[in-house]
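Below: the structure, in structure tokens.
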Amino acid sequence: MPLPKQIHEIKDFLLTARRKDARNVKIKRTKDAVKFKVRCSKYLYTLCVFDSDKANKLKQSLPPARWIHYFILEKE
């Protein structure tokens, strides 16, 4: 089973999310960061964003036709 891959640039993540084989996008919000995960046919790609303003802009920039799931994780 292939390991997940991390993406470091927002532009690269948007290009990956617009690929033909991208199935869904999961957004996980923690206290420190927002993680965007896109499932493609072979790999799960992850982008960690530590700025909430950038995360909101990225959320609005996602392709509208993809399945988007939101998760809020509370760690105490």
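FYI, it's all coordinate maths here, none of it is from the lab. It should be emphasised that the depicted structure is a prediction, and the values quoted were computed from it without experimental measurement. Cβ sites come from the backbone with ideal geometry, for glycine too, and all protein chains shown count toward neighbours.
Between Thr30, Thr16, Thr46, find the one with the highest GNM mean-square fluctuation for the chain; connect C-alpha pairs within less than 10 Å.
Thr30
Suppose each label sits 7 Å from its Cα in the direction of the beta carbon; what would the Asp51-Asp32 distance come out to in nanometres?
1.9
Under the definition of Cα pairs under 8 Å and six or more residues apart, what whole-number percent is the relative contact order of region 1-72?
On the way: 118 pairs, mean separation 26.4, N = 72.
The normalised contact order for region 1-72 reaches 37 percent.
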